[in-house]
Structures are given as structure tokens and as C-alpha cells.
1. When only Cα pairs under 8 Å and 6 or more residues apart are kept, what is the percent relative contact order across segment 86-173?
2. Modelling each spin label as a point 7 Å along the Cα-to-Cβ direction, I'd like the E33/Y95 distance in nm, to one decimal.
3. Each label point is 7 Å from the Cα along the Cα-to-Cβ direction; what then is the distance between the points at E110 and S223, in nm?
4. Give, as ranges by residue number, the residues of segment 47-80 whose backbone N falls under 19 Å from the point 7 Å along Cα→Cβ of N136.
5. Report Rg/Rh for the chain, rounded to two decimals, where Rg is the Cα radius of gyration and Rh the Kirkwood radius.
6. In whole Å, how far is the Cα centre of segment 118-167 from that of segment 7-64?
7. What Rg and what Dmax come out for segment 184-229 when only alpha-carbon atoms are used, in angstroms?
8. Rounded, prolate or oblate for segment 19-95? Axes are the square roots of the Cα gyration tensor eigenvalues, ordered a ≥ b ≥ c, and the cut-off for rounded is a/c under 1.5.
Amino acid sequence: IENLILPHTLTIINDSEFYQNSLKSIIISSNVETIGEYAFYECPLKSINIPASVKAINKAAFMNCSSLATITFSKGSMLTKICGGKGFLSHGEKYYYGAFANCTALTSIEIPANVEIIEEAAFKNCTALTTVTFENNSSLKTICGATYDYSYYGGAFSDCISLISIEIPASVETIEAAAFKGCSKLATVTFEKGSQLKTIAGDSYDGAFSDCTALTSIEIPASVETIEA
């Protein structure tokens with residue numbers, strides 16, 4: 001099955017529902033509230049419209065969808081979190097599972113206003129992503145990050161090597177370790193007027209903006225209390 005229209009009675013897309021399926025297009029009904037873990041993992045989708053009813057996009061939901069070039073959120077989106085995380089396999093191998101990690105065809109994204117958290121590795125390794133914007137009156141509080149050691153990390157936007165600039169919404173209070181690590185073309189980081197940022201985090205492995213080698217200047221908001229390792 002390459003094309004699918006989901007029924008209006010559907011409210012949940014379960015975990016792994018279309019895992020490694022052949023779907024190239026899908027219409028998600030306007031009553032769906034949750035997109036489960038690994039729901040569309042490695043599907044050859046080219047575009048997706050997320051209905052306003054969706055409140056959570058769970059970890060790895062669209063991970064490895066390497067043809068996914070366009071993500072659109074319907075007006076009035078109720079989305080509150082874009083999930084992700086990190087872990088270890090049974091034999092000790094490290095891995096990450098961001099909702100849109102490794103979507104290497106994605107060029108731009110606008111984060112809906114109701115999103116409060118972008119979790120670990122959510123957009124990690126989206127190598128074509130040049131533009132990240134936030135809807136007006138953003139509620140975003142945390143841009144997450146995570147590190148395992150010197151060579152492995154899972155920042156929300158880590159390794160987005162085409163990202164050139166970003167304006168952090170005023171509502172953001174924490175930018176975690178490795179959040180933008182490896183964004184080698186990131187030349188401009190600005191903070192929206194009235195910034196409530198408290199912490200620019202880091203640990204013994206990586207800082208929030210580690211290896212952002214194109215960044216030439218930055219103005220830290222007056223609200224910042226801590227700049228970590």
C-alpha cells in the first residue's frame with residue numbers, strides 16, 4: 001500500500017503501525033490525537049500534514065523517513081511535544097530515537113505555538129534543514145539535548161549541518177547540552193525580545209552550541225543565570 005486515507009473515527013495511530021511500510025502518502029484524519037512511537041519509521045513519505053487535533057508526536061514516529069521533504073501543521077495545532085530520547089540496546093550499543101531524526105530531505109519546519117518541549121534528537125541529522133521558525137506566541141520552554149560520551153550525542157537539532165540561523169522564542173527557559181552541536185553552518189543565533197532564558201547547558205562532553213564553527217557572535221539575554229560546561 002502506497003497511498004492511504006485514514007478514517008475519521010480514528011483517534012490514535014498505534015506504535016509501529018506503519019513501521020517500514022511502503023507508504024508514499026497518507027491523509028491523517030482530523031480526530032487523531034496521538035501518533036505512536038515508530039509509527040511511520042522508514043516510510044518513503046514525501047510530505048505529511050499533521051492535523052490540529054494531534055497533541056503528541058512520539059519518539060521515532062517519522063525517524064529515517066529520508067524522502068520526507070515537507071511537514072505541515074494545521075492551523076490551530078494542539079501539539080504540545082515533539083518527542084525523542086536516547087538509550088542502549090541489549091548488547092550495549094548506543095542509539096537515539098527522535099521523532100524526525102534523519103529526515104534528510106526536510107528543508108524547513110515551523111514549530112506550532114503550543115509546543116512546550118522539543119525532546120532529545122527530535123530533528124537530529126536533518127542534514128538539509130536550513131530554516132527553523134516558531135509560530136507567534138510560542139509556548140516552547142525547553143530545547144532538549146543529551147550526551148553519552150565524546151563521540152555520541154542526541155541534541156534536538158544536533159548535526160543539522162545546513163541550518164544557517166535561528167531565533168529562539170522568548171518563552172524558552174533552557175537549552176540543554178548538545179542541543180545544536182555540530183550545526184557547522186549556524187552563523188546567527190538570536191533571542192526574541194523579552195527572552196526568559198535561564199540556562200545554556202553543557203556537561204563534561206558537550207555544550208549546547210558545541211562545534212558551531214560558523215558562529216561569530218552572540219548576545220546572551222539578560223535573563224540568563226547559568227552557562228554550563
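Values quoted throughout were computed directly from the atomic coordinates according to the rules given, and no laboratory measurement underlies them. Everything numeric in this text was worked out from a predicted model, so none of it was measured. Every residue, glycine as well, gets a Cβ built from its backbone with ideal geometry; the counts of neighbours run over all protein chains shown.
1. Relative contact order for segment 86-173 comes out at 30 percent.
2. 3.0 nm
3. 2.3 nm
4. So the set is 73-79.
5. 0.97
6. Distance between centres, Cα-based: 21 Å.
7. 11.3, 31
8. Because a/c hits 1.5 or more and a/b fails to exceed b/c, segment 19-95 counts as oblate.
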